[in-house]
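The values are calculated or read from the model by the stated rules, or taken from the named source; none is laboratory data. Fair warning: this is a prediction, and the values are worked out from it, not measured in the lab. A quick note on method: Cβ atoms are made from the backbone with ideal geometry, for glycine too, and the neighbour counts reach across all protein chains shown. SASA here: full protein model, heavy atoms, side chains in, ligands and nucleic acids out. Shrake-Rupley method; radii C 1.70, N 1.55, O 1.52, S 1.80 Å.
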Amino acid sequence: MLTARSLKTWTWLHKWSSLVCTVFMLLLCLTGLPLIFHHEIGHLLGTEVEAPPMPAGTPHVSLDRVLEVARAQHPDRVVQFASQPEDSTDLWFATLTPTPAPTEDFRSVAVDARTGALLAQPRFDEGFMYVMFKLHVDLFAGLAGKLFLGFMGLLLLVAIVTGVVLYAPFMRKLRFGEVRRERSTRVKWLDLHNLLGIVTLVWAFVVGGTGMINTWADLLVKYWQYDELSALLAPYNGQPVTPVAERASVQKSLDAAMARAPGTKLSFIAFPGTSFSSPHHHTFFLRGNEPLTSRLLQPVLVDAKTAEVTAAPKLPWYLVALLVSQPLHFGDYGGMPMKILWALLDIATIIVLGSGLYLWLGRRAASPATASSGKTASGEAALASPLTAARAPLKR
């Protein structure tokens, strides 16, 4: 049983944590909805690149040939990353940038893995889905935007926990999930708000928590490089980034990496000097074949000059948590059924957040009338926050 003092403390925490984060959470829910179906939307808009059909077993050209084709399209740039789609080995994507350093100025080249033919140069830095992605990830503000949204995610978790604590005492005179249709519009919205809020509770906590973890991605990778890779790279101290002309065959390096971790598939390649590699290695990130292991990456560092495997360190727990949280955040573990479920829960959360704002803003208009009539604050006139229940016990 909450005391009056503790009730006041929980109410204050819930009120201000939810008030501060609600608008941003509403933005994230709205932008996150199309991102759940980004592959399907890409196919609909014609922006998805697909390899043309060929007989099964058609041999692939060397990765070095693929990279030559990609570099020929942008000779003034360097290859930062190369990857293949999760569901196909018949296509290569190469990302080229002015320098190996992280940048928003990149060009993508899609090359047929079987023929070495240029298929497309898709632009992933423009269009509707790009705007949705940037708003959802960092508000077009880079690392500062990510950390800010991470803090909003933390406030959401606080609002959810405090809302659960407050839900029972404020709803004790109502049946669980009851919507009082005979009452005023505000009360009906309040009851619907509380019902949807408690139904989406676990989902909102999971998505909010994983989203908060995802905002730390850049910092976690940098810490991993500083903490664990620095010891592996000690023999290379003082050496510049390995020039392209001095690098061994990337295909040979790929073969060496795959031999080091049999039973895996390639996720992506980070080239020397880029944010996910070292100045002296091609780093191959390999993934497993099972539903869970397909989300976990095994880095294999291959010396860029000799094509010999230098190390294959296990990822630390914090990067494993990051990799697991990313697909869980967008609901792409279980195919289309899970995506649809995620979308329905997202829409329900949008209703919760929108109705919370409506009830909070309408509270000020209702308060003078309540005061003049001498009534105590009720569910019709006093709402503590945009996320859950009213500050005073609800009356029938």
Net dipole in debye of region 1-136 [+1 Lys, Arg Cβ; -1 Asp, Glu Cβ; about Cα centre; nearest 20]: 880 debye
Area accessible to solvent at Asp87, 1.4 Å probe radius, in Å²: 140 Å²
Interatomic Cα distance distribution for region 65-222, bins of 10 angstrom, percent: 9, 23, 23, 18, 12, 10, 4, 0
Zone of Asp64's modelled label, taken as backbone nitrogen in region 241-274 under 13 Å from a point 7 Å along Cα→Cβ: 245-255
Straight-distance crosslink candidates among aspartates and glutamates, where the alpha carbon sits under 12 Å from Lys305 and sequence neighbours closer than 8 are dropped: Glu246
Quotient of Cα Rg and 2.2 N^0.38 Å for the chain, N being how many residues it contains: 1.22
Helix axis angle, 335-373 relative to the chain longest principal axis, alpha carbon, degrees: 30 degrees
Magnitude of the charge dipole, region 186-285, Cβ model with Lys/Arg +1 and Asp/Glu -1, debye to 20: 260 debye
Rg(Cα) / (2.2 N^0.38 Å) computed for region 135-294, rounded to two decimals: 1.64
With 10 Å bins from 0: P(r) over region 116-157, alpha-carbon pairs, percent: 27, 34, 22, 12, 5
Farthest positive-ward along the chain dipole, Cα basis, beta-carbon charges - from Asn214, Leu28, Gly335: Leu28
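Too long at a 32 Å Cα-Cα cut-off: which of Lys15/Lys146; Lys314/Lys339; Lys146/Lys252; Lys15/Lys134?
Pairs exceeding the cut-off: Lys146/Lys252.
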Two-decimal Rg/Rh across region 32-76, once Rg and the Kirkwood Rh are taken from alpha-carbon atoms: 1.14
Convex hull of Cα atoms in region 285-358, direction-averaged projection (nm²): 7.5 nm²
Relative packing of 353-359, 118-124, 234-240, 248-254, which averages over residues the other C-beta atoms within 10 Å, highest first: 353-359, 248-254, 118-124, 234-240
Thr95, Thr293, ranked by accessible area, largest first (probe 1.4 Å): Thr293, Thr95
Acute angle (nearest 10 degrees) that the helix 317-330 long axis makes with the longest principal axis of the chain, alpha-carbon atoms: 70 degrees
Rg/Rh for region 1-157, where both radii come from Cα atoms and Rh is the Kirkwood radius: 1.18
Förster radius 51 Å - calculated FRET efficiency between Ala4 and Gln225, Cβ distance, rounded to 0.05: 0.50
Computed over region 212-306, Kirkwood Rh from alpha-carbon pairs, angstrom: 14.2 Å
Within-15-Å neighbourhood charge of Gly116 [Cβ basis; K, R +1; D, E -1]: -1
Heavy atoms of Met338 accessible to a 1.4 Å probe, total area in Å² rounded to 10: 40 Å²
Heavy-atom accessible surface of the chain: percent carbon and sulfur, 1.4 Å: 65 percent
Acute angle (nearest 10 degrees) that the helix 63-73 long axis makes with the longest principal axis of the chain, alpha-carbon atoms: 70 degrees
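How do Thr9, Thr97 stack up against each other in accessible area, from largest to smallest, with a 1.4 angstrom probe?
Heavy-atom accessible area, descending, gives Thr9, Thr97.
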Surface accessible to a 1.4 Å probe, Leu7 within the full protein complex, Å²: 50 Å²
